[in-house]
């Protein structure tokens with residue numbers, strides 16, 4: 001089987017990108033990596049070139065958790081991009097520019113053979129995928145006919161979908177941060193993805209070297225949650 005040139009997270013939460021990074025498949029930062037996203041919104045944004053994404057008027061700060069900013073148009077939550085002690089307005093230009101770069105990179109990447117991975121959030125999302133499967137695949141394959149979609153789910157019904165779906169039968173809580181590590185079947189599937197060996201090793205080495213930075217960021221995020229929750 002021909003290699004995928006990219007393996008890309010479509011959410012719904014940060015752990016998908018984190019697991020891909022840990023396993024050596026994450027090439028660079030992309031728009032859905034660090035967001036909480038409904039899949040319907042993800043597909044709409046891909047299809048419409050992210051029209052009205054990150055429009056300032058649509059951004060609202062969570063009243064209880066001040067470090068979370070929500071895009072009310074798409075029902076998306078930003079956990080990592082806006083500082084809680086500064087206004088949205090003063091930070092918006094920098095955040096918007098960052099996501100514009102990620103969006104451009106996303107569309108550049110998916111013209112090459114890409115495997116998209118989505119963690120199914122809920123039964124409602126599962127039903128959306130079932131009802132819209134053909135359209136979802138037509139959107140993803142608009143950019144390259146060999147693009148594929150893999151779904152990860154805790155809902156056993158998801159195995160009925162006509163695509164490669166992994167059911168997590170031993171995940172004890174809603175949003176596991178290392179779901180691939182806790183499921184042998186999924187780990188085997190993910191580590192067997194056809195992907196350039198040299199590229200994967202470069203990604204793994206970069207991940208290992210970033211440990212001090214990631215450790216510091218995790219402490220900083222914990223501090224922010226304690227102070228602003």
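The values are calculated or read from the model by the stated rules, or taken from the named source; none is laboratory data. If you're wondering where the values come from, they're calculated on a predicted model, not measured in any experiment. Positions of Cβ are generated from backbone atoms using ideal geometry, with glycine treated the same way; all protein chains shown enter the neighbour counts.
Listed values, structure above:
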| item | result |
| --- | --- |
| Selected residue (criterion: surrounded by the most Cβ atoms within 10 Å (Cβ to Cβ)) from residues of region 74-83 that are assigned to a loop (DSSP other than H, G, I, E, B) and touching a strand residue (DSSP E or B) at 6+ places or on another chain (Cβ under 8 Å) | 82 |
| Residue within region 85-106 that is in a loop (DSSP other than H, G, I, E, B), under 30 Å from residue 190 (Cα atoms) and either out of contact with any strand residue (DSSP E or B) (no Cβ under 7 Å at 6 or more places or on another chain) or without any contact (Cβ under 8 Å) to a residue 12 or more places away in the chain (or both) present | no |
| Scope region 50-59; condition surrounded by fewer than 15 Cβ atoms within 10 Å (Cβ to Cβ), under 24 Å from residue 110 (Cα atoms) and in contact (Cβ under 8 Å) with a residue 12 or more places away in the chain; matching residues | 52 |
| In region 124-154, the residues that are in contact with a helix residue (DSSP H, G or I) (Cβ under 9 Å, 6 or more places away or on another chain), more than 20 Å from residue 49 (Cα to Cα) and outside any helix (DSSP H, G or I) | 150, 151, 152, 153 |
| Answer from 213, 199 - the residue that is at pLDDT below 85 and either part of a helix (DSSP H, G or I) or at negative phi (or both) | 213 |
| Residue list for region 27-52, restricted to those being touching a strand residue (DSSP E or B) at 6+ places or on another chain (Cβ under 7 Å) and in a loop (DSSP other than H, G, I, E, B) | 27, 30, 32, 33, 37 |
| Residue 163 vs. criteria surrounded by fewer than 17 Cβ atoms within 10 Å (Cβ to Cβ) and either at pLDDT below 85 or within 22 Å of residue 17 (Cβ to Cβ) (or both) | yes |
| Exclusive hit being over 20 Å from residue 16 (Cβ atoms) and surrounded by 13 or more Cβ atoms within 10 Å (Cβ to Cβ), set 71, 134, 33, 62 | 62 |
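Each row is one residue, and each column tells you yes or no for (1) exposed (fewer than 10 other Cβ atoms within 10 Å of the Cβ); (2) touching a residue at least 12 places away in the same chain (Cβ under 8 Å); (3) in contact with a helix residue (DSSP H, G or I) (Cβ under 7 Å, 6 or more places away or on another chain).
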{"position": "188", "(1), (2), (3)": "no, no, no"}
{"position": "198", "(1), (2), (3)": "yes, no, no"}
{"position": "203", "(1), (2), (3)": "no, yes, no"}
{"position": "207", "(1), (2), (3)": "no, yes, yes"}
{"position": "214", "(1), (2), (3)": "no, no, no"}
{"position": "217", "(1), (2), (3)": "no, no, no"}
{"position": "221", "(1), (2), (3)": "no, yes, no"}
{"position": "225", "(1), (2), (3)": "no, yes, no"}
